[in-house]
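The structure appears below as structure tokens.
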């Protein structure tokens, strides 16, 4: 189990490639194939996800103590890959949950947001990008809530600007 944990941290926290992990482990007398490294790194993710979900009630208590949570959401992927859609609390910085989706489409986003609403309640506000699919999904799951979109502008310095959006305007 210690090897699986080491592989998980090297792969997912430090972004090592399988071959780099293999060299690292060989330097410590552990000989393992890159295929086995792939299997153990995925097993690490699954176990970590289960552990994370076991503590969701503790996160909810922290959110309640803070007076609620601010839902930041976005999907990310490399060209042609599935989307990793993640929601983060803007107050604590906790990653609330992530789901793998075939696309950033409302047919996948809505069930995910409904799951988040059911598990953690309604957010204070929602921060998202300008995607129409995300906007429509947010409006459907959290009707009447103020949601904001974040635009990142790169011009020598990193500047994040938030704009208030009346979610009802997206439904019309």
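From the list 48, 24, exactly one residue is within 20 Å of residue 116 (Cα to Cα) and not assigned by TED's automatic domain parsing to the domain that holds residue 123. Which is it? Exactly one residue qualifies, and that residue is 48. Please specify each residue of the range 91-124 satisfying the condition of being in contact (Cβ under 8 Å) with a residue 24 or more places away in the chain, within 22 Å of residue 48 (Cα to Cα) and part of a loop (DSSP other than H, G, I, E, B). Hits for the range 91-124 are 92, 94. Summed over the range 26-41, residues that are in contact (Cβ under 8 Å) with a residue 24 or more places away in the chain and either part of a loop (DSSP other than H, G, I, E, B) or farther than 15 Å from residue 8 by Cα (or both) total 2. Please find, among 44, 85, the residue that is under 24 Å from residue 111 (Cβ atoms), at pLDDT below 95 and either assigned to a helix (DSSP H, G or I) or within 14 Å of the chain's Cα centre (by Cα) (or both). When all the criteria are applied, what remains is 85. When residue 107 is tested against (1) modelled with pLDDT under 90; (2) surrounded by fewer than 15 Cβ atoms within 10 Å (Cβ to Cβ); (3) out of contact with any helix residue (DSSP H, G or I) (no Cβ under 8 Å at 6 or more places or on another chain), exactly one condition is not met: (1). Confirm whether residue 86 is touching a residue at least 12 places away in the same chain (Cβ under 8 Å), touching a helix residue (DSSP H, G or I) at 6+ places or on another chain (Cβ under 9 Å) and either surrounded by 14 or more Cβ atoms within 10 Å (Cβ to Cβ) or more than 24 Å from residue 140 (Cα to Cα) (or both). Spelling it out, it is not the case that residue 86 is touching a residue at least 12 places away in the same chain (Cβ under 8 Å), touching a helix residue (DSSP H, G or I) at 6+ places or on another chain (Cβ under 9 Å) and either surrounded by 14 or more Cβ atoms within 10 Å (Cβ to Cβ) or more than 24 Å from residue 140 (Cα to Cα) (or both).
The values are calculated or read from the model by the stated rules, or taken from the named source; none is laboratory data. What you see is a predicted model, and the numbers here were worked out from it, not measured in a lab. Virtual Cβ from ideal backbone geometry, glycine too; neighbours counted across all protein chains shown.
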